[in-house]
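We did not get these values from a lab; they are worked out from the coordinates using the rules stated. Treat the numbers as computed from the prediction; the structure is a model and nothing was measured. Cβ atoms come from the backbone with ideal geometry, glycine included; neighbour counts cover every protein chain shown.
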Amino acid sequence: MERSRPFRSTWANHVRAGQVLARIDDTVLRAQYSQAQAMAQQQSATATGSQVGLPVLVETNQATLQTAQAALRNAKLVYDQGHRAV
């Protein structure tokens, strides 16, 4: 587990109005935020790619279905012609 110092402080005997007394160390939070942003961008790209690929997949499936239907009609014609010949 990573240990971090959550505060960076400046110790002095005298403090002026508006003087920064402590700063929160946000380096770990910034790294986590950057990682979350990168992950969100990657997931967005994946979702966009899926949306783009969907019409192609639908057309491919329709073409496959039409080919199978034509093969079925052809097989039925051959079958019917075979029964007539007997």
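Worth a mention:
- Placing a label point 7 Å from the Cα of Thr64 along the Cα-to-Cβ direction, the residues of the stretch 40-57 whose backbone N falls under 17 Å from that point are 53-57.
- Remark: the Arg73-Ile24 segment gains 10.2 nm on full extension, using 0.36 nm per residue and subtracting the alpha carbon distance.
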